[in-house]
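Working notes, structure below.
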Amino acid sequence: MSSVYVHFPWCLAKCPYCDFVSYAATPASIDHEGYADAVVRELEARAFALESSADVRPLETVTSVFFGGGTPSLWDPAALGRVLAAIEARLAVAARPELEVTVECNPTSLDADRARALADVGVNRLSVGTQSLRADQLAFLGRLHDVAGARRSVEAAISAGVRVSTDLIFGLHGQSPADAAAQATELASLGLSHLSCYQLTIEPGTQFGARHKRGLLPVALDEDVASAFLAVHDALADAGLEHYEISNFAKPGERARHNVAYWRGEPYVGLGCAAVGFARRVPDADGAARGVRWKNETGPERYVEATRAVSRVRVGEGDGLSEGAEELAADALLRERIMLGLRMRDGIDLDAAGAELGVDPWTEERARAVESLAARGRIERRAGWIGVPAGAWLFTDDTAARLF
Ligand code: SF4
């Protein structure tokens with residue numbers, strides 16, 4: 001299966017912790033139709049390239065379209081709907097309800113009318129960036145909405161009759177594990193089918209990163225963050241949400257198809273300024289898999305201009321739309337599968353991944369590492385399958401790194 005990601009690069013303001021490609025803008029200053037035109041031009045060029053490149057495997061049925069950002073709920077719904085319709089017309093797309101169409105929203109740009117308008121153009125899942133239900137935490141995070149606005153936006157999304165997810169950030173300085181758990185419980189009680197709960201991370205290149213470097217940002221202790229992670233896990237288990245990936249919880253059957261496809265290494269077409277895409281190349285002469293990942297121009301004007309200049313693109317470096325591209329050999333693809341697969345409760349079937357990618361996943365070094373990690377309770381192994389037990393999820397990044 002394949003998916004499509006469309007990046008919308010504008011927000012009402014830049015949050016101090018955010019390292020996504022997003023630019024502050026007012027809705028009136030954004031060229032909604034012009035950006036949609038550019039994305040549709042890129043779609044046509046990318047589709048042509050993917051179909052006509054002899055060294056790229058054909059795109060399989062698209063089961064997810066994800067509008068991310070940025071804040072795509074700022075995009076005029078008719079313009080967003082035009083892009084969605086173009087994707088459905090140009091690519092082989094699954095029929096609804098198999099097709100998951102998600103739009104990321106912020107409470108400041110989502111009311112009942114906007115949610116209904118998005119549902120009317122074919123969106124069937126809304127992901128709302130509530131982040132917190134505490135006024136002091138929202139202020140610290142630089143969010144523009146208040147607590148009542150967070151609740152109202154989730155209720156508006158639910159009222160549109162679509163699947164709804166929301167985000168919660170935990171691990172803030174001074175926050176107790178009980179507070180993180182209480183917020184997760186309250187959000188779940190609003191009737192959501194999915195929750196993403198992220199630990200606050202301080203990224204270089206952000207306002208928080210700069211303040212942290214100067215010793216001016218209060219940060220939580222690692223052990224408090226770990227306790228909050230476990231408290232959220234317990235609270236959402238009580239609320240009937242499965243902890244299916246380190247940062248994600250879902251009611252049965254409500255996992256985010258888009259994210260799962262990404263974690264499983266499925267191909268995706270990235271469209272829009274700063275979007276990343278990934279395609280599988282045909283295997284090499286020895287039968288080993290290959291892939292290519294590209295990243296589009298990060299400046300909106302440069303991106304729109306590039307789509308005007310290019311009518312046909314190739315897949316990979318020098319396609320005329322990307323800042324760059326990376327060719328990935330089978331070993332690199334396997335390492336990515338391990339890193340992302342271990343984040344999921346389902347773990348990863350290394351035998352199957354190795355067979356699909358045409359490499360032996362059980363190198364002597366990796367087999368030894370698995371044995372040692374299993375002895376320390378960091379990993380479970382059943383025949384060719386490995387996974388991280390819930391109690392060891394906090395160490396997943398380190399565990400994955402040891403299996404590279
Ligand atoms: S709203 Fe989201 S994408 Fe926009 S700046 Fe804030 S965190 Fe980043």
- Within segment 57-79, how many residues turn out to be hydrophobic (A, V, I, L, M, F, W, C), more than 16 Å from the ligand (Cβ to nearest atom) and modelled with pLDDT of 95 or more? 4
- Those residues that are out of contact with any Ser or Thr (no Cβ under 9 Å at 6 or more places or on another chain) and either within 11 Å of the ligand (Cβ to nearest atom) or among the charged types (D, E, K, R) (or both), I need them from segment 14-48; list them, please. PHE20, TYR23, ALA24, ALA25, ASP31, GLU33, ARG46
- Looking at ALA119, ALA95, which one is part of a loop (DSSP other than H, G, I, E, B) and either surrounded by fewer than 21 Cβ atoms within 10 Å (Cβ to Cβ) or touching an Asp or Glu at 6+ places or on another chain (Cβ under 6 Å) (or both)? ALA95
- Can you name every residue in segment 141-164 that is within 14 Å of the ligand (Cβ to nearest atom) and among the hydroxyl-bearing types (Ser, Thr, Tyr)? SER153
- Item | Verdict on GLY341 being surrounded by fewer than 18 Cβ atoms within 10 Å (Cβ to Cβ), under 21 Å from GLY291 (Cβ atoms) and touching a helix residue (DSSP H, G or I) at 6+ places or on another chain (Cβ under 8 Å) | no
- Message: Being modelled with pLDDT of 95 or more, surrounded by 20 or more Cβ atoms within 10 Å (Cβ to Cβ), part of a helix (DSSP H, G or I) and small (Gly, Ala, Ser): is that true of ALA353 here?
- Response: yes
- Is it the case that segment 129-140 has a residue that's farther than 12 Å from CYS105 by Cβ, assigned to a helix (DSSP H, G or I), within 16 Å of the ligand (Cβ to nearest atom) and in contact with a Pro (Cβ under 9 Å, 6 or more places away or on another chain)? yes
- Task: Assess whether GLU51 counts as being of a type in the set (Asp, Glu), part of a helix (DSSP H, G or I) and farther than 30 Å from ASP284 by Cβ.
- Result: no
- Note on the structure: Of the residues in segment 22-48 that are out of contact with any strand residue (DSSP E or B) (no Cβ under 7 Å at 6 or more places or on another chain) and assigned to a loop (DSSP other than H, G, I, E, B), the one that is surrounded by the fewest Cβ atoms within 10 Å (Cβ to Cβ) is THR26
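The values are calculated or read from the model by the stated rules, or taken from the named source; none is laboratory data. Since the structure is predicted, the reported quantities are computational estimates derived from the model, not experimental observations. Glycine also receives a Cβ, built like all others from the backbone with ideal geometry; neighbour counts cover every protein chain displayed.
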